[in-house]
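**Student:** Starting off with a structure, shown below.
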Amino acid sequence: MRSPWTKFVNFVRFPPLNWLLLCFICVIALIVVLGSPSLNTVDPATSNFVVPNIYKSYRKLREQAANEILEIRSLSLGGSHLRELDLCGKERENYVPCYNVTGNLLAGFHDGEEFDRHCEVDGSGPHCLVRPPKDYKIPLRWPAGRDVIWSGNMKITKDQFLSSGSMTKRIMLLEENQIAFHSEDGVNFDSVKDYSRQIAEMIGLGSDSEFLQAGVRTVLDIGCGFGSFGAHLFSLKLMTVCIASYEVFGSQVQLALERGLPAMIGSFFSRQFPYPSLSFDMIHCAQCGIIWDKKDGAFLIEVDRVLRPGGYFVLTSPTNKLQGGLSRARSKIVFAPIEEFSHRICWSLLAQQDDTLIWQKTADLNCYASRSKQEAVPLCKEEFDAEAYYQPLGACISGTTSQRWIPVQNRSQWHDQYQLSMAELAIHGVPVEDFSEDSDVWRSALRNYWSLLTPLIFSDHPKRPGEEDPLPPYNMIRNVMDMNSHYGGLNAAFLEAKKSVWVMNVVPIGTQNTLPLILDRGFAGVLHNWCEPFPTYPRTYDMLHAMGLISHLINSERCDLSNLFLEMDRILRPEGWVVLRDKAAVIEKVRSIVTQIRWDARVIELQSDSDQHLLVCQKPFLKKL
Ligand SMILES: *[C@@H]1O[C@H](CO)[C@@H](O)[C@H](O)[C@H]1NC(C)=O
Ligand SMILES: *[C@@H]1O[C@H](CO)[C@@H](O)[C@H](O)[C@H]1NC(C)=O
């Protein structure tokens, strides 16, 4: 007989009630655990349900239950290392570390740099849990949540909302506590659909449903307004990542994430994006507020860096139809310096219509050599490209020596969605067997995780959900972050299983830099140092996943784990999930932290690999009484 795959080990979160009540619960829990009938189990190799070996587990369960009693007792005695953390004050409801503009100004940053990310200025914040605003409501599920959000979840006023300008929006206020987005209405040219069709036509396509065939799969939307352009492109199977500066009120990034659209805080006033070169097929800026010809073209050089060869830069200027005749003259002033500079970096103006201009980056390396000496922006030395983690803006052209220099138009010929061809894997130095094994592992891992995402596992009578228990609905979660994403295998497994999620694939610095591979699969991804806060607003992810991240951090980065878990708690939505997979000893170590931040949690042994444990957690919806 096969041994059971999983077993639930102890460990429930106990609120600091009076000890009599606790003792009562302990007794009940003990009875329940000892009396627990068969646990349904899954064998990871076959994913078949197998009959568990009740008697073998029985003694172990009893021992664990006994251990648990000890722990509960120390909790009720107020063991200081397990004290639950307090909720932060109201002023931290929308706390985003590293973006303290007042502090940055005091530290001497100016000329826009005060809005950049400066984690060193902020120091480590107070040890408390960021709580949701009073009127916070759990967001609606995808796709309903894409079109209707709770206004109480955002730091935004209705006046601001109505007056903020973005041409890629159609909005409508429904009721007192909701904001509805209406991207599909057909009122003349301002609808997002028409705008997207216009762009497709300008690059020579029949309609925007041809973007994929033309090699346009990934879009970086700088300053995305309400994210409606990305939402529309998403329906055409394009991955659009919204990036915008930190904003205190009415943040575009917070809004996009609230709607379930990929987004992160980022700017490039002085430093590069945390993406490698040659990352995106299209870069879009509609009224994104950047003065492109400033800093000797450094902003355009940065766009060029992350743009793939043959990719498109779409710029819609702030001039608009309301200004009538003036608009033409103004757009000349706005566009002329860019047009001049674009020759120096081998872009060509493809089309101009109304207020929208589209340039195309060259797909021909010979172009760079053919520019005249005095006007040419030089090519970068190879080393410059190594790892783009908030490096200073460059003054040279990147990526020209990369094996990833492949025109977007060429890629479309060999593509089968998010899989990679042998040629592409060879470029990344990844053996085909490694890659397909990784895909298989994640396919089966996801099946296992998915059945665990249920409050059943936290009940007094914990059990592995069995065939008789309904699986969570496909759209239970939407915004997922894989904190240590390797090849993006979890992301691929989600898509294959037709779950409603998108994944922010984070590649921690200091690990093998697989981000170029992840981006070449058409996924969203970013480099990140997990000793620092992640550039996002509170309550923006439904699920965080990390395999092996904690042991990596313990071994190499040596940063404060409790700060990391506080940060995870900050970016997680109430009722959101955390799945950690790591060495048993490491999971043991983080258990006490998880108790302090009040997550419900279960340790799950993997029978297939006794050295590895899962920790499945859910963040409760805490409100200040
Ligand atoms: C921002 O920095 C200022 C000045 O250093 C400080 O007084 C303030 O408390 C900081 N705000 C936050 C939210 O940390
Ligand atoms: C792209 O495709 C064209 C036409 O098929 C081919 O001539 C060219 O060499 C390809 N470029 C690269 C970098 O693969």
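Each value in this text was obtained by applying a stated rule to the coordinates, not by laboratory testing. For clarity, every value in this text was computed on a predicted model and none was experimentally measured. Neighbour counts run over all protein chains shown; Cβ positions are idealised from the backbone, glycine included.
**Student:** Among Gln409, Pro392, His461, whose Cα lies farthest out toward the positive end of the dipole of the range 381-539, if unit charges sit on the beta carbon of Lys, Arg (+1) and Asp, Glu (-1)?
**Tutor:** Selected residue: His461.
**Student:** At a threshold of 8 angstrom on Cα-Cα distance, excluding pairs fewer than six apart, so keeping six or more, what relative contact order does the range 422-618 reach in percent? Display every interim value, and only then the final one.
**Tutor:** Numbers: 302 pairs, mean separation 32.0, N = 197.
Across the range 422-618, relative contact order equals 16 percent.
**Student:** What do you get for GluC sites (Glu not before Pro) in the range 335-382 restricted to DSSP loop and a cutoff of at most 12 other Cβ within 10 Å of the site's Cβ?
**Tutor:** Working: sites: Glu339, Glu340, Glu375, Glu382; in loops: Glu375.
Loop-located and lightly packed - Glu375.
**Student:** Restricting attention to the range 554-601, which chymotrypsin sites (Phe, Trp or Tyr not before Pro) occupy a DSSP loop and are surrounded by at most 14 other Cβ atoms within 10 Å?
**Tutor:** Numbers: sites: Phe565, Trp577, Trp599; in loops: Trp599.
Sites meeting the loop and neighbour criteria: none at all.
**Student:** Right, another one. I need the calculated FRET efficiency for the pair Arg443 and Leu349, taking r as the beta carbon distance and R₀ as 41 Å, to the nearest 0.05. List each step's numbers first, then the result.
**Tutor:** Numbers: r = 45 Å, r/R0 = 1.10.
According to the calculation, E is roughly 0.35.
**Student:** Oh, and also: Using every pair of alpha-carbon atoms in the range 463-550, split the distances into 10 Å bins beginning at 0 and state the percent of pairs per bin, rounded to integers.
**Tutor:** 16, 46, 28, 10, 1
**Student:** Could you sort 141-152, 306-317 so that the peptide with the highest average Cβ count within 10 Å comes first and the rest follow in order?
**Tutor:** Details: 141-152: 18.2, 306-317: 23.9.
Packing order, densest peptide first, comes out as 306-317, 141-152.
**Student:** Determine, from the Cβ-Cβ distance of Glu84 and Leu471 and an R0 of 45 Å, the FRET efficiency 1/(1 + (r/R0)^6), rounded to the nearest 0.05. If you can, show how the numbers build up before the last one.
**Tutor:** On the way: r = 32 Å, r/R0 = 0.71.
About 0.90, to the nearest 0.05.
**Student:** Across every pair of different alpha-carbon atoms, what Kirkwood hydrodynamic radius in Å does the range 184-410 reach?
**Tutor:** Details: mean 1/r = 0.0555 Å⁻¹.
Roughly 18.0 Å, rounded to one decimal.
**Student:** Between Lys155 and Lys373, what length in nm is gained on full extension when 0.36 nm per residue of separation is reduced by their alpha carbon distance? Write out the running numbers ahead of the final one.
**Tutor:** Details: separation 218, 0.36 × 218 = 78.48 nm, distance 5.08 nm.
Residue separation times 0.36 nm, minus the Cα-Cα distance, leaves 73.4 nm.
**Student:** I've got another one for you. When only alpha-carbon atoms count, how far does the range 422-618 stretch along each of its three principal axes, as whole angstroms with the largest first?
**Tutor:** 52, 40, 34
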